[in-house]
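Read the structure below first, then the notes.
Read-outs throughout are calculated quantities, based only on the coordinates presented, and are distinct from any laboratory measurement. Being a predicted model, the structure only gives us computed values, none of them experimental. Here the Cβ positions follow ideal geometry from the backbone for every residue, glycine too, while neighbour counts run over all protein chains shown.
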Amino acid sequence: MEKDNNVFISFDANDYIVRLTPFIDKKGNWTGELLVGTITTDENNLSDEDHFNLMTITNMVCAAVPAMEEDEYVRDTLNVMVDKAEEEEELSKTTIVSIEQNVINVNFKQ
């Protein structure tokens, strides 16, 4: 009997989810292929116009995957944006320990 690998995660009724499902080979390794899709709930209570606009944004995020594959400029631009966001996140983890005149002691460890 095969194990059920479904994981149930709670999210708000008005959330829009981008789902990436990797294709796995017989050895359990990712083949490099993805199934890209969107998820929302039947309980979504946004107006039709808001729902349409959010689905458009969600579909555009999904379209970024094939766009990255087909267009080096798109891939490089998105990569720069990811690197910048990661750098900003790392900087936000720093803690100023003390400030004495023009010397600032910073703790980069959390």
* To do: Read through the labelled values [x] 63, 45, 39; [y] 34, 29, 24; [z] 48, 48, 18 and report the label of the one computed as Cα extents along the principal axes in Å from the structure.
  => [x]
* Asked: How do 25-34, 62-71 rank on mean C-beta neighbours within 10 Å, highest first?
  -> 62-71, 25-34
* Asked: What is the distance, in nm, between label points placed 7 Å from the Cα along the Cα-to-Cβ direction at Val103 and at Asp15?
  -> 4.8
* **Relative packing of peptides 43-50, 96-103, 14-21 - highest average C-beta neighbours within 10 Å first** => 14-21, 43-50, 96-103
* Asked: Along region 52-59, what does the Karplus equation 6.51 cos²θ - 1.76 cosθ + 1.60 (θ = phi - 60°) give for ³J(HN,Hα), rounded to whole Hz, x for Gly and Pro?
  -> 4, 5, 5, 5, 4, 4, 4, 5
* To do: Assign one of three labels to region 1-62, namely rounded, prolate or oblate, based on the Cα gyration tensor with a ≥ b ≥ c the square roots of its eigenvalues; rounded applies when a/c is under 1.5, prolate when it is not and a/b is larger than b/c, and oblate otherwise.
  => oblate
